[in-house]
2 protein chains.
Amino acid sequence: MLNTQIIEFDLKAYLSQRRDLVDAALERSITVIYPEVLYESMRYSLLAGGKRLRPILCLASCEFAGGTLDMAMPTACALEMVHTFSLIHDDLPAMDNDDYRRGKLTNHKVYGEPIAILTGDALLAYAFEFIAVQTQGVPASRLVQVVSKLGHAIAATGLVGGQVVDLQSEGLQNTNIETLNFIHSHKTGALLETSVISGAILAGANNEVLQRLSRYAAYIGLAFQIVDDILDVIGTQEELGKTPGKDQQAQKVTYPSLWGIEESKRKSQELVDLAKAELVDFGDKAQPLMAIADYITARRK
Amino acid sequence: MLNTQIIEFDLKAYLSQRRDLVDAALERSITVIYPEVLYESMRYSLLAGGKRLRPILCLASCEFAGGTLDMAMPTACALEMVHTFSLIHDDLPAMDNDDYRRGKLTNHKVYGEPIAILTGDALLAYAFEFIAVQTQGVPASRLVQVVSKLGHAIAATGLVGGQVVDLQSEGLQNTNIETLNFIHSHKTGALLETSVISGAILAGANNEVLQRLSRYAAYIGLAFQIVDDILDVIGTQEELGKTPGKDQQAQKVTYPSLWGIEESKRKSQELVDLAKAELVDFGDKAQPLMAIADYITARRK
């Protein structure tokens, strides 16, 4: 029954249409003025394509909870700005020292290290301004909650904390599953969860709905990372748009290195099923979020 | 008459008492948990002393506009977090490559470059969360305004934009006064102005008061930077807590290099007088902000 519903929902068209909406809003979000190099660098990384998974989750969750696309679009854009900031800083020579991202040269390879650091900083700060200035038709109290969640998902309690533990674990052969879970629940999971939760907060969702969505998001967040690890092993540079095999090269402990590829695939599918089970009581309106959960394991990049 | 008032106001005791309040609040703002190195690094730079000028301006402006210290303290702390983020990133090897700050080794000299970058990121994001979560007794609509102003003061439109132009101008002998003003109104002025304005917004100040304070802040912001440039020429490392003579070494065009020391001193005094003139109609309650304006030119670090 559940599977039939999802087959009927045209996820590919849905994702493509939402990605276009998000891309158009992101395109409008930054105009190049003096000092041009900074704004160009922000646009270079922000408009480099990408799945726009975080914005799409935010929009879907807002509609799921009874809100409109307009209510969530500024926060959706802000989430992509924050994600882009984290990619730029993670790719820096002092961090993962990566040359390619989203099929293009990384920011510091094009603009140099100082501008890359500052571009990340500018995107991070602008994300908060953008939510506060651009959101229309939403009570201020909800915006304050979104700002609070977003800050928490980025700071030491979120993706920055995850990146620190990731750096510390590099080259260590004895990283355990608890550490690996900490890294990913912070580095990837926190912002994915905030993407889902913030959409629902903007729509004025009640606690029951927020708690369901929070568990949904935690499950797909972990599934997403397991699939990322799998793709790093089996994907090609062309498919991924970034350098594959980086984890192994950096001697990083990953889910496939702990569990093997097959068991990793099985676990990610199990997590997606758990995520979907959280929303099954909500009927048809949960279709997009259910389909996105399926997309997490089906994706090739 | 004006001068008599200010002599009666004990600025030294005022600043010292406020600094203690701010330091105590900052001390409570970060608890060390896993991953410890990140939280320790945040505390290392945030609690390294400093004048706490931005928090003190925010508190003073909130009281000036009829608010309480409690209303403004979370924003005051957030402003110091943002200032500290900007110092950590400005000091990085890829930027100004500075070894000392506030009389101590810079963050990256102690924790290394990756942690220093991430510490700045964490402080920046936490600042927004801190305002949103910790502020009590203030309507949410005012918090949204503060978030908007703060984001604007940090991003490409604020201190990050100023730092980019500063980097671009390094070693150029033909930097003109317009570029120098752009650098400082963005790199230093924007956050100082937001410190003053945010306190008044939290207190619910009307537009007339906000505009006066905005001009007051613009004047003292520029005066502050001119004095900074002067101190870089005539100060000692012991007094400054950071390496003096850096500007000349980096062949930076500064106000003293354009105008000479005496003319720079005269201009900074003129700006302080203009700042004070904006507040003269408000009587005794403007005393702290007036005295802080005087302190800008009188300070030795």
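Each reported figure results from applying straightforward, stated rules to the coordinates on display, with no laboratory input. The structure presented is a predicted model; accordingly, all values stated were derived computationally and were not measured. Note that each Cβ is placed from the backbone with ideal geometry, even for glycine, and that neighbours are counted across all protein chains shown.
Summary of computed values
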read-out	value
Lysine pair count for the range B:127-280 [Cα-Cα under 29 Å; pairs on different chains or 8 or more apart]	18
Lys, Arg +1 and Asp, Glu -1 on Cβ, resulting dipole of the protein assembly as shown about Cα centre, debye, nearest 20	460 debye
222 nm mean residue ellipticity, helices alone, for chain B (DSSP H n ≥ 4; -39,500 (n - 2.57); rounded to 500)	-23000 deg cm²/dmol
Cβ nearest the rotation axis (B onto A), residue from chain B and distance to the nearest whole Å	B:Ala140, 2
Listed peptides A:75-82, A:264-271, B:81-88 by packing density, highest first (mean Cβ within 10 Å)	A:75-82, B:81-88, A:264-271
Per-residue average of Cβ from other chains inside 10 Å of B:128-139	5
Cα-Cα separations in the range B:124-227 greater than 17 Å, expressed as whole percent	56 percent
Dipole moment magnitude, nearest 20 debye, chain A about Cα centre, only Lys, Arg, Asp, Glu C-beta charged	280 debye
Cα pair distances of the range B:177-225 binned at 5 Å [whole percent]	5, 23, 30, 19, 13, 8, 2, 0
Distance histogram in 10 Å bins (all Cα pairs of the range A:1-109, percent per bin)	13, 38, 30, 14, 4, 0
Fraction in percent of alpha-carbon pairs per bin - 10 Å, the range A:43-199	11, 38, 34, 15, 2, 0
Cα centroid of the range A:68-107 to Cα centroid of the range A:13-65, whole Å	10 Å
FRET efficiency estimate (nearest 0.05) - Cβ-Cβ, A:Arg299 to A:Ser141, R0 25 angstrom	0.10
Selection from A:Gln173, B:Cys77, B:Leu159, by position along the positive dipole direction of the protein assembly as shown (Cβ)	B:Cys77
Scattering profile of chain A at q = 0.08, 0.10, 0.14 Å⁻¹ [log10 I(q)/I(0), Debye over alpha-carbon scatterers]	-0.33, -0.52, -1.07
Pair B:Glu262, A:Lys285: separation of 7 Å Cα→Cβ label points (nm)	7.6 nm
Rg [Å, one decimal], Dmax [Å, integer] - the protein assembly as shown, C-alpha atoms	24.8, 84
Förster radius 35 Å - calculated FRET efficiency between B:Val110 and A:Ile177, Cβ distance, rounded to 0.05	0.65
